1. May I ask what percent, to the nearest 5, of DSSP beta bridges between residues of the chain are antiparallel?
2. Considering just Cα atoms, how many Å³ per residue does the convex hull of region 266-344 enclose?
3. Name the long-range amide H neighbours of D707: under 5 Å, sequence gap of 5 or more, or other chain; modelled H, no Pro or chain starts.
4. Where does each of 432-445, 458-471, 663-676, 85-98 land if you order them by average Cβ count within 10 Å, highest first?
5. Mind jotting down the distance between the C-alpha centroids of region 190-223 and region 418-450, whole Å?
6. What angle, in degrees between 0 and 90 and rounded to the nearest 10, separates the Cα long axis of helix 708-718 from the longest principal axis of the Cα atoms of the chain?
7. What's the magnitude of the charge dipole for the chain around its Cα centre, counting Lys and Arg as +1 and Asp and Glu as -1 at the beta-carbon? Answer in Debye, nearest 20.
8. How big is the Cα convex hull of region 689-735 in projection, averaged over all directions, in nm²?
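Every number in this text was worked out from the coordinates using simple rules, so none of it is lab data. Because the structure is a prediction, the values reported are computed rather than measured. Neighbour counts run over all protein chains shown; Cβ positions are idealised from the backbone, glycine included.
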Amino acid sequence: MTRAQPSDSPPLFPPRESVVDVLLPVAVGSAYSYRVPEGMEVAPGDIVVVPLGTRRMLGCVWPRMEGARTVDPAKLKLIDRKYDVAPLQPAMLAFIRWMADYTVTPPGMVLRLALRHDESAGIARERTGVRLTSNRPERQTRARSKVIDALFDGFVRSKAEAAREAGVSASVIDGLIDDGVLETVVLPPEPAAEVPDPDHSRPALSPAQSAAAAELVASVKARRFAPTLIDGVTGSGKTETYFEAVAEAIRQGRQTLILMPEIALTQAFLDRFARRFGVLPAEWHSAVGSKRRGRVFRGVATGEVSVVAGARSALFLPFRELGLIIVDEEHDGAYKQDDGVHYHARDMAVLRARLEEAPIALVSATPSIETEVNARRGRYARLHLPERFTGTRVPRLEPIDLRREGPPRGQWIAPRLAQEMERTQEAGGQSLLFLNRRGYAPLTLCRACGHRIRCPSCSSWLVEHRFRRRLECHQCGYAMPVPNECPNCHEPNTLIPCGPGVERLHEEVQKLMPNARIQVLSSDLAGGVERLRAELKAIEDGEVDVVVGTQLVAKGHNFPGLALVGVIDADVGLGHGDPRAAERTFQLLHQVAGRAGRANVEGRAFLQTYMPEHPVMQALVAGDRDAFYDQEIAVREEAHLPPFARFCALIVSGTEAHAAQAHARALAACAPLTEQVRVLGPAEAPLALVRGRHRFRLLARSERNFDLSNYVRAWMAEAPRVRGGLKVEIDIDPQSF
Ligand code: ADP
Ligand code: ZN
């Protein structure tokens with residue numbers, strides 16, 4: 001790979017072109033032109049500070065576009081200065097361009113995903129210090145002499161330090177800078193990460209692990225794009241296996257990106273990484289402070305940071321030399337970003353790996369249908385880890401038919417499951433009850449008039465949160481105190497909670513097992529990431545008998561004492577007309593059930609269901625993963641659904657339902673006609689009202705190999721202008737179709 005390096009020697013001739021294009025992180029289709037000040041040299045990929053209107057912002061010097069308009073240089077503004085961060089590499093520029101094309105988004109909006117973290121804080125965040133020059137002040141004061149005495153050694157100090165040491169106010173320092181007695185210098189950034197040691201502590205791998213690791217290591221050595229599915233049951237040691245590839249990348253001096261769906265919660269992963277490599281990886285997610293993020297950003301760009309473990313946004317870090325990408329739990333829905341730029345981080349990771357000419361490993365015990373099909377067709381290599389590392393069997397799953405052996409009204413735990421939980425506690429084991437519903441009750445109903453309490457600005461019910469004593473909208477965050485009377489008929493004391501949430505389930509377990517230590521795990525409880533990490537640790541350490549959790553518990557945690565899993569409502573995700581319902585339910589329940597019986601504990605899992613004959617339940621109970629994939633792939637193929645067809649959703653939203661619908665109709669009317677695309681709708685979007693905006697959806701469907709992005713781009717070029725607060729969002733490869 002060739003790299004744009006700033007050259008050290010001055011150019012022989014004055015630069016022919018003193019105008020460059022700069023891509024700015026704004027929603028404009030093309031780059032802006034700027035003049036380069038005399039003496040400054042810039043090349044594509046350089047990050048610069050430029051004026052735009054009254055603001056200054058970071059932008060990226062962009063390769064000159066073919067046929068770019070010529071402008072009178074005299075009218076252009078000057079670049080302010082080069083920003084002190086290593087330039088974006090050509091592969092990164094290509095990634096921004098490709099991703100913008102694919103998602104039908106202005107490239108500036110993709111650049112923004114990369115620069116957002118450095119944008120506002122970044123301009124001010126350069127660490128600077130002051131030191132004495134050889135100039136002496138014209139006007140001498142006592143305070144000034146104190147400063148000169150304190151800084152006489154010539155060392156650089158931050159302004160605050162200098163003021164403190166001299167015992168003067170900061171304004172004295174500023175005055176001396178203005179007079180040229182002190183000069184400002186840029187300090188080298190603090191180190192961003194320690195260097196991992198590839199051989200710090202290497203475990204002895206099982207034969208299956210060794211074989212898989214050897215393949216991965218070979219592809220890291222080959223420095224070629226090589227997509228691979230690491231397909232292995234939970235606990236089969238997939239992590240240790242891909243760690244070998246990470247070690248090889250470190251030896252080669254190349255960088256690794258490890259994407260995870262819920263990085264804020266994976267303390268266990270970080271600990272394991274540290275045990276294997278001696279130091280922590282650089283973390284990248286929203287819970288990392290902005291100072292730290294600034295350091296990681298810079299360190300990634302210089303190549304000093306060699307391994308980043310991060311959430312989907314880490315995909316936009318400016319790696320200097322990316323040698324390997326890992327997408328852990330690749331099937332996870334958290335990889336899809338659905339506001340701003342719509343994209344699937346797994347798919348974009350594959351794109352980035354291709355442009356970087358680096359291998360990529362997608363890791364899962366329950367691959368997405370898309371990835372499974374790619375592996376079956378040989379587009380992705382498959383590395384199989386069929387057995388649990390500890391040799392324990394995958395837990396036995398048993399259905400509990402709620403039609404026949406359900407609990408009494410107002411309770412949610414079937415007698416058989418309750419018995420098993422008590423037995424488990426007596427034997428010193430842990431139980432986990434899984435219910436993917438936050439709060440106390442998903443619906444509040446008036447028993448006098450039948451009124452159901454809705455969110456005033458969304459099409460969703462308000463959910464009771466009893467710990468917080470209020471009703472909340474899970475869509476927009478709206479909250480109100482639980483009212484004493486029905487808001488509709490005004491009868492007092494008629495409101496009743498309907499259905500269970502984890503808080504209510506907790507109440508039931510307390511009644512059933514008064515001596516049990518119970519822990520609710522839900523992403524919305526107070527205390528944030530730190531508290532969650534502490535709670536997870538308490539569970540790992542066996543200080544909890546019963547865990548009541550939402551899907552948070554499904555994500556890769558290792559609870560060594562967990563012997564029993566009870567799924568309270570296995571049917572939750574099914575039967576909404578969502579074509580991904582079967583896939584999601586299978587993945588979620590398989591993962592949850594897989595939590596039971598690690599580390600030498602034989603596990604059992606119960607599925608409470610009204611549909612024990614449903615193919616998803618049958619496949620789960622039979623432990624026949626392939627049967628599920630065979631059937632689901634056949635259904636998708638026959639119904640002409642992804643990955644056998646492609647979809648793009650256009651969501652038109654506005655505060656007036658009429659206007660939004662009319663615009664959606666106008667869009668439909670101007671869709672270019674071609675045999676290869678069918679446009680469906682408009683219809684109400686799956687979330688018809690969100691934050692007071694009415695949403696209508698058009699779906700374009702094409703054959704798998706058709707360039708749907710290009711079609712949509714042409715369509716949008718012909719489309720009527722969006723006016724009056726309406727918004728059109730483009731979602732290529734939408735999750736629901
Ligand atoms: P997966 O990611 O497939 O669910 P893990 O990588 O988490 O599996 O491994 C499951 C358990 O087995 C972990 O506790 C891990 O430390 C242990 N393990 C895996 N491979 C090895 C190995 N080669 N040597 C020792 N312990 C291992
Ligand atoms: Zn709402």
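1. Beta bridges within the chain, antiparallel portion: roughly 55 percent.
2. Cα-based convex hull of region 266-344, divided per residue, equals 115 Å³.
3. none
4. Top to bottom by mean Cβ count within 10 Å: 432-445, 85-98, 458-471, 663-676.
5. So the separation of the two Cα centres works out to 42 Å.
6. Helix 708-718 and the main axis of the chain meet at about 70 degrees.
7. Dipole size: approximately 1320 debye.
8. 4.2 nm²
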